[in-house]
1. List the pairs whose first member sits in region 49-68 and is farther than 15 Å from residue 292 by Cβ and open to solvent by 10 Å² or more (accessible area, probe 1.4 Å), whose second member is of a type outside the set (Ser, Thr, Tyr) and assigned to a loop (DSSP other than H, G, I, E, B), and whose Cβ atoms are under 9 Å apart, counting only residues at least 6 apart or on separate chains?
2. Could you please find all residues in region 245-259 being within 26 Å of residue 32 (Cβ to Cβ) and surrounded by fewer than 24 Cβ atoms within 10 Å (Cβ to Cβ)?
3. If you go through region 20-48 one residue at a time, how many are open to solvent by less than 40 Å² (accessible area, probe 1.4 Å) and not in a helix (DSSP H, G or I)?
4. Which one of these does residue 228 not meet: (1) surrounded by 24 or more Cβ atoms within 10 Å (Cβ to Cβ); (2) closer than 30 Å to residue 55 by Cβ?
5. Quick one: which helices (runs of 4 or more DSSP H) lie wholly within region 212-330 and hold at least 3 residues that are more than 25 Å from residue 56 (Cα to Cα)?
6. Name the residue, out of 293, 276, that is farther than 28 Å from residue 156 by Cα and not hydrophobic (A, V, I, L, M, F, W, C).
Amino acid sequence: MSQTTAATRSGSMESLKHSFLMKYEFILFVLIALIVLFLSITTDGNFWNQGNLSSVLVSVSIVSIAAVGATLVIITSGIDISAGSVLGLTATVVALGGQHGLPLWLIIVSALATGCIAGFINGYLIAVHKVPAIIVTLGTLSIWRSAVFMLLGGSWGTDIPMEFSEWFIMTKLAGVPLIFWLVIVLVLVSGYMMNNRKWGRYIYALGNNEEATVFAGLPTKRLLVFIYVIAGLLVAVSALVSLGQSPIVQSSSGQGFELSVIAAVVIGGASISGGRGSIMGAFLGAILVELVRNAVILLHIQPFWTGVVMGVMIIIAVLVSLSRDKGGAN
């Protein structure tokens with residue numbers, strides 16, 4: 001095969017991947033619109049109640065922030081199931097800081113540093129020591145959850161700075177919580193960086209063929225560690241926003257959060273085998289996940305159906321992804 005033919009085929013494959021994501025994201029957008037229409041009709045307008053709508057948008061924001069980092073991880077064919085425990089640990093650090101009267105800036109720095117350190121540990125073990133991501137993050141999930149329990153001593157943390165609620169929840173722009181507007185900016189900027197900057201293309205290349213990136217002389221290990229640090233940092237930011245929504249920390253805080261995040265990314269079109277995914281898709285996936293959760297509440301359906309529906313959506317999304325990958329390979 002000539003170099004020209006190979007280059008043409010490579011370019012064609014990238015075009016097909018982009019086209020697939022664009023079509024898939026459009027389908028997600030239509031599905032979200034249909035669910036909103038359904039809830040508008042069946043809930044007697046309760047869906048558009050200011051309190052409910054604000055709660056949904058904040059919940060979408062919390063998941064979306066962490067989903068940006070999780071998208072980078074999954075594009076590299078990795079996984080991070082420790083996000084819920086990192087969120088709980090970060091929230092615990094904030095509660096302890098408030099309990100000991102630390103200044104707000106130090107509490108915030110400590111919280112963000114906690115997320116970065118947790119991400120660095122994951123990334124270092126995965127990139128340098130080649131431990132499978134699922135094993136590393138399963139281990140850190142257990143470690144951080146145990147740390148939360150030990151630090152709280154079985155009690156609740158309630159000394160949460162009121163500024164988190166004031167900044168993220170109570171402050172509104174055009175009737176919409178400020179944090180949602182900030183998340184839109186984050187999604188647009190990070191999406192642009194992934195598609196139009198060199199390091200973004202490196203991340204996609206790493207997910208498509210790690211050996212090729214090594215042979216090409218790219219700083220693969222450093223890039224992978226950096227990605228997990230960013231993922232940990234964004235989970236910490238999600239923790240700060242979640243404390244604005246619910247200013248209480250307990251030993252179970254963050255449990256199940258990783259499922260929402262991974263569901264958002266996978267439902268958003270990211271390939272579990274790596275090499276494909278988009279920030280916008282993860283954002284739409286987060287909206288879909290939270291709309292389903294809100295529908296269960298508004299329609300007075302048994303809560304366990306939330307998990308059932310999310311599980312079904314994840315399986316369908318994975319099947320679609322695998323089918324598309326198989327078709328591309330053929």
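The values are calculated or read from the model by the stated rules, or taken from the named source; none is laboratory data. Please read all numbers here as calculations on a predicted model, not as lab measurements. Every residue, glycine as well, gets a Cβ built from its backbone with ideal geometry; the counts of neighbours run over all protein chains shown. The accessibility values were calculated without ligands, DNA or RNA, using every heavy atom of the protein model including side chains. Shrake-Rupley method; radii C 1.70, N 1.55, O 1.52, S 1.80 Å.
1. Partner pairs satisfying both residue conditions: 50/175; 53/175; 54/175.
2. So in region 245-259, the residues within 26 Å of residue 32 (Cβ to Cβ) come out as 245-246, 254, 256-259.
Matches in region 245-259: 245, 246, 256, 257, 258, 259.
3. Number satisfying all stated conditions: 2.
4. Among (1) surrounded by 24 or more Cβ atoms within 10 Å (Cβ to Cβ); (2) closer than 30 Å to residue 55 by Cβ, residue 228 violates only (2).
5. On the way: elements: 220-245, 257-267, 279-298, 304-329.
Result: 220-245, 304-329.
6. 276
Conditions tested, residue by residue: (1) within 30 Å of residue 213 (Cβ to Cβ); (2) small (Gly, Ala, Ser); (3) at pLDDT 95 or above; (4) open to solvent by 60 Å² or more (accessible area, probe 1.4 Å).
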| residue | (1), (2), (3), (4) |
| --- | --- |
| 87 | no, no, yes, no |
| 112 | yes, no, yes, no |
| 142 | no, yes, yes, yes |
| 153 | no, yes, no, yes |
| 158 | no, no, no, yes |
